[in-house]
Amino acid sequence: MSYDDVEIEDMEWNEELKSYTYPCPCGDLFQITKEELKIGEEIARCPSCSLYITVIYNMEDFTDQKPKTNVEPPKQQPVAVA
Amino acid sequence: MEANERVKETEEKQEVWSWGAGTEGQLGTEKLQDEHIPQLLPLLPSISRLSCGGAHVIALTYGKKVLTWGRGASGQLGHGNMVNSLEPKSVQVLSNFNITHVSAGWNHSGFVSECGQVFTCGDGSFGQLGLGDYVSQSSPIKVSHFASRHVYQIACGMRHSLALLKGEHGDQVYGFGSGKRGQLGISKEKVKAVSLPQSVSGLQEVNVSSISANGDHSAALSSEGNLYTWGRGFGGAPDVCCPDRVISRFSFKQAALGWNHVLGLTDEGDVLMLGGSHHGVLNNPQKDVLVNQDLTEEQVKKIPGLNKIKVVGIASGSEHSVLITENGEVMTWGWGEHGQLGLGDTCDHTCPQLVNIAQNAEHQYITSSKVYCGSGFTFVVRACRPKQT
């Protein structure tokens, strides 16, 4: 059973993990890579537990043929370190 | 004075227990591993309140000082860096303030001082720090928007925050951060995100005694015992953009939000649940039917299996629930994959189960217990007194 359906625009791009992520109720993150999205994978898994979510997105936005993608990975936010 | 304190110390001892998901150091056990049974933590300063987030913990001491530990990758520990802490460390920036209320969200934190100032740190990507930008902070920053007004409480959810203000003009609740599921309650339509606090509509006539936030949910409890919720809909119901009173003939004295359910503790000591259609069946979808909501009657359902047990405290993780009975016993139910139920295994449960917390019954008895939940973990703080011989 998929834990939730999440739109790609509600997921956050994580540069370190090179994945789109979304909070998992266990405390870790559901993760899916651009490569997976490109081949039509819609399940984002959590590395720490058995749960997974279904990602809602347009596959065309991630295929190379169509460069005018409208889903830009959200930019990494700057962080102020005191 | 000092002598008095020493006497008190020998009379009453505080114990802090934790269990569940622990790979970010959130259990305070100084280990990076899950624990399936309650672990007694090394001695901590006397704690008046805990707040547990996605994978970090904020402890408020009786001396009104703040300790944090667990995941720090977004700056949520307020230590001025972005690293995890395996052990409780004080938040230096707040050492000159007397802190009276704290809240831990998914990856951000909020602190309220005695004189009504509010500070935030951690992930700010959605504006949830209320600082007018979308920047993360590794040290607590004062939310200047409230200027000299008196903030009483803060509640941090997954990507949003609420603040409760008290003053001459009555109580006011503010929301900031992500509003995609209506969790800010600031307008009739969903708003993507706001980075400055905005007033929650529909609570103007209500005396708000407490606020809470978790996941994409928000809740407020009135002094008359009414429970209001807004944000993501429960049990497949549509999202709600303005505070909506939970229809029930009961009066509530405590509310605890999860990611898909809310618990309410009634004045009579009963626990009711709204939502939670897969509470305790995440690993066993076939059982789903058993706990499906009957929305035709009241929205809320009594928790099965409690019978006549009186409950004095409740807490909710993302997908698990904890309660304290009047006898000081701890019971848990819901999702158990990380041991967050503390029952020695990783099973799910739809009915509250008794947690066995070691006790030297011959020499001490419990005078008070409080329960707290992070996303996938649980804390119990209890005071014990030696038996007179």
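Read-outs throughout are calculated quantities, based only on the coordinates presented, and are distinct from any laboratory measurement. All values derive from a computational prediction rather than experimental measurement. As a convention, Cβ positions derive from the backbone with ideal geometry for all residues, glycine included, and neighbour counts pool all protein chains shown.
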message: I'd like to know which of A:Thr33, B:His278, B:His150 lies farthest towards the positive end of the charge dipole of the protein assembly as shown, counting +1 on Cβ of Lys and Arg and -1 on Cβ of Asp and Glu.
response: B:His150
message: Which residue, B:Gly70, B:Gly124, B:Leu164, has the largest displacement toward the positive end of the dipole of the protein assembly as shown when charges sit on each Cβ (Lys, Arg +1; Asp, Glu -1)?
response: B:Leu164
query: What list of ³J(HN,Hα) values in whole Hz, one per residue of the stretch B:107-119 in order, does the Karplus curve 6.51 cos²θ - 1.76 cosθ + 1.60 (θ = phi - 60°) give from phi, with Gly and Pro shown as x?
result: 9, 9, 9, x, 9, 10, 8, 3, 8, x, 8, 10, 10
- request: Show the residues, 5+ positions off or on another chain, whose built amide H is closer than 5 Å to the amide H of A:Asn14.
  value: A:Ser19, A:Tyr20, A:Thr21
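For a Förster distance of 25 Å, can you work out the FRET efficiency between the beta-carbons of B:Asp133 and B:Glu30, rounded to the nearest 0.05? Please report the intermediate quantities before stating the final value.
On the way: r = 35 Å, r/R0 = 1.42.
My answer for the efficiency is 0.10.
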message: For a quick check, take a GNM of chain B with Cα springs below 10 Å and name the residue from B:Ile314, B:Ile247, B:Ile37 with the largest mean-square fluctuation.
response: B:Ile247
query: Normalised by the number of residues in chain B, what is the relative contact order in percent for Cα pairs under 8 Å and 6+ residues apart?
result: 14 percent
statement: Inter-part gap, Cα centre of the stretch B:266-284 to Cα centre of the stretch B:207-258, in whole angstrom, is 14 Å
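Assuming a ≥ b ≥ c are the square roots of the Cα gyration tensor eigenvalues, decide whether the protein assembly as shown counts as rounded (a/c under 1.5), prolate (otherwise, with a/b larger than b/c) or oblate. Walk me through the intermediate numbers first.
Numbers: a/c = 1.37, a/b = 1.26, b/c = 1.09.
The shape class here is rounded.
Averaged over its residues, how many other protein chain Cβ atoms are within 10 Å of peptide A:26-33's Cβ atoms?
6
Under unit Cβ charges (Lys, Arg +1; Asp, Glu -1), what dipole magnitude, rounded to 20 debye, does the stretch B:3-386 have relative to its Cα centre? Write down the numbers at each step before the final one.
Details: 30 positive and 35 negative charges, 148 e Å.
In total the dipole reaches around 720 debye.
Arrange the following residues from fewest to most other Cβ atoms within 10 Å of their Cβ: B:Lys142, B:Lys253, B:Lys192, B:Lys308.
On the way: B:Lys142 15, B:Lys253 19, B:Lys192 10, B:Lys308 6.
Placing the least packed residue first, the sequence is B:Lys308, B:Lys192, B:Lys142, B:Lys253.
Assuming a ≥ b ≥ c are the square roots of the Cα gyration tensor eigenvalues, decide whether the stretch B:3-386 counts as rounded (a/c under 1.5), prolate (otherwise, with a/b larger than b/c) or oblate. Don't skip to the end; give the middle numbers.
Details: a/c = 1.43, a/b = 1.06, b/c = 1.36.
Judged from the Cα gyration tensor, the stretch B:3-386 comes out rounded (a/c under 1.5).
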field: Listed residue (B:Asn207, B:Val380, B:Pro42) projecting farthest to the positive dipole end of chain B, Cβ model
entry: B:Asn207
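Of the DSSP beta bridges with both residues in the protein assembly as shown, give the percent that are antiparallel, rounding to the nearest 5.
Details: 112 of 117 bridges.
If we restrict to bridges inside the protein assembly as shown, about 95 percent are antiparallel.
Between exposed GluC sites (Glu not before Pro) in chain B, where DSSP calls loop and at most 10 other Cβ atoms lie within 10 Å, what's the longest gap?
Formally, the longest exposed-site-free interval is B:1-167.
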message: About the Cα centre, and with charges only on the beta carbon of Lys, Arg (+1) and Asp, Glu (-1), how big is the dipole of the protein assembly as shown? Nearest 20 debye, please.
response: 1080 debye
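Pairs A:Lys38/B:Lys190; A:Lys18/B:Lys190; B:Lys65/B:Lys142; B:Lys253/B:Lys308: which are spaced more than 21 Å apart, C-alpha to C-alpha? Each step should come with its number before you reach the end.
Working: A:Lys38/B:Lys190 30 Å; A:Lys18/B:Lys190 30 Å; B:Lys65/B:Lys142 16 Å; B:Lys253/B:Lys308 18 Å.
As for pairs spanning more than 21 Å Cα to Cα, those are A:Lys38/B:Lys190; A:Lys18/B:Lys190.
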query: What ranking do B:Trp19, B:Trp259 get, fewest neighbouring Cβ atoms within 10 angstrom at the top?
result: B:Trp259, B:Trp19
task: Could you pull out which residues in the stretch B:202-236 have an amide N less than 13 Å from a spot 7 Å beyond the Cα of B:Ser251, following the Cα-Cβ vector?
output: B:222-227
query: Order of A:Tyr52, B:Tyr174, B:Tyr62 from fewest to most other C-beta atoms within 10 Å?
result: B:Tyr62, A:Tyr52, B:Tyr174
- prompt: Which ³J(HN,Hα) values in Hz, rounded to whole numbers, follow from the phi angles of the stretch A:40-54 under the Karplus curve 6.51 cos²θ - 1.76 cosθ + 1.60, where θ = phi - 60° and Gly and Pro get x?
  reply: x, 5, 10, 9, 9, 9, 9, x, 9, 8, 8, 7, 8, 10, 9
task: State, to one decimal in nm, how far the label point of B:Ser199 lies from the label point of B:Glu11, with both points 7 Å from Cα in the Cβ direction.
output: 4.7 nm
field: Euclidean distance of C-alpha centroids, the stretch B:162-198 and the stretch B:17-78, integer Å
entry: 28 Å
21 Å Cα-Cα threshold exceeded, pairs from B:Lys188/B:Lys302; B:Lys13/B:Lys64; A:Lys34/B:Lys192: B:Lys188/B:Lys302; A:Lys34/B:Lys192
